[in-house]
Amino acid sequence: MNEQTKHIAAKCWDLQLDGRLHFDQEKFAELLVKECIKEIKTGYRGDFYTGDLYDCEHNTCIDEQVTTLEEYFGVNNG
């Protein structure tokens, strides 16, 4: 595992009422998918000065990829 994955995994441990540690696999999967979506979104093309996104095929493709991942994994990335 790289440092990013370890950082995500560290967020998925919680202490149960009986004092035992529990690793939440569902939370790990959700955070991992959200991180992937965040990384994909860094590929948007836009105006360097204003930050406005271009209305272009490249950005539309990114939107489609994000939607596909959200629907496939049942994650709302908001």
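Within region 12-31, residues that are touching a residue at least 40 places away in the same chain (Cβ under 8 Å) reach partners that are surrounded by 11 or more Cβ atoms within 10 Å (Cβ to Cβ) with beta carbons closer than 6 Å, at six or more positions or on different chains, in the pairs Glu30/Val75.
I'd like the full set of residues that are small (Gly, Ala, Ser) and over 30 Å from Trp13 (Cβ atoms), limited to region 27-78. Of everything in region 27-78, those that are small (Gly, Ala, Ser) and over 30 Å from Trp13 (Cβ atoms) turn out to be Gly43, Gly46, Gly51. Looking across region 12-31, the residues that are open to solvent by less than 60 Å² (accessible area, probe 1.4 Å) and either assigned to a helix (DSSP H, G or I) or among the charged types (D, E, K, R) (or both) come down to Asp24, Phe28, Ala29, Leu31. For Glu39, state whether it is among the acidic types (Asp, Glu), under 20 Å from the mean Cα position of the chain (by Cα) and surrounded by 11 or more Cβ atoms within 10 Å (Cβ to Cβ). Spelling it out, it is not the case that Glu39 is among the acidic types (Asp, Glu), under 20 Å from the mean Cα position of the chain (by Cα) and surrounded by 11 or more Cβ atoms within 10 Å (Cβ to Cβ). Looking across region 52-68 at every residue that is without any contact (Cβ under 8 Å) to a residue 12 or more places away in the chain and assigned to a helix (DSSP H, G or I), the one that is most open to solvent (accessible area, probe 1.4 Å) is identified as Glu57.
Among the residues making up region 1-11, those that are within 26 Å of Gln65 (Cα to Cα) and assigned to a helix (DSSP H, G or I) are Glu3, Gln4, Thr5, Lys6, His7, Ile8, Ala9. Residues that are over 23 Å from Asn76 (Cβ atoms) and open to solvent by 100 Å² or more (accessible area, probe 1.4 Å) within region 2-11 comprise just one, Glu3.
The values are calculated or read from the model by the stated rules, or taken from the named source; none is laboratory data. This structure is a prediction, so every number in the text was calculated from the model and none was measured. All Cβ positions, glycine included, derive from the backbone under ideal geometry; neighbour counts span all protein chains shown. Remember, those area values only see protein heavy atoms, side chains included, never the ligands or the DNA or RNA. Shrake-Rupley method; radii C 1.70, N 1.55, O 1.52, S 1.80 Å.
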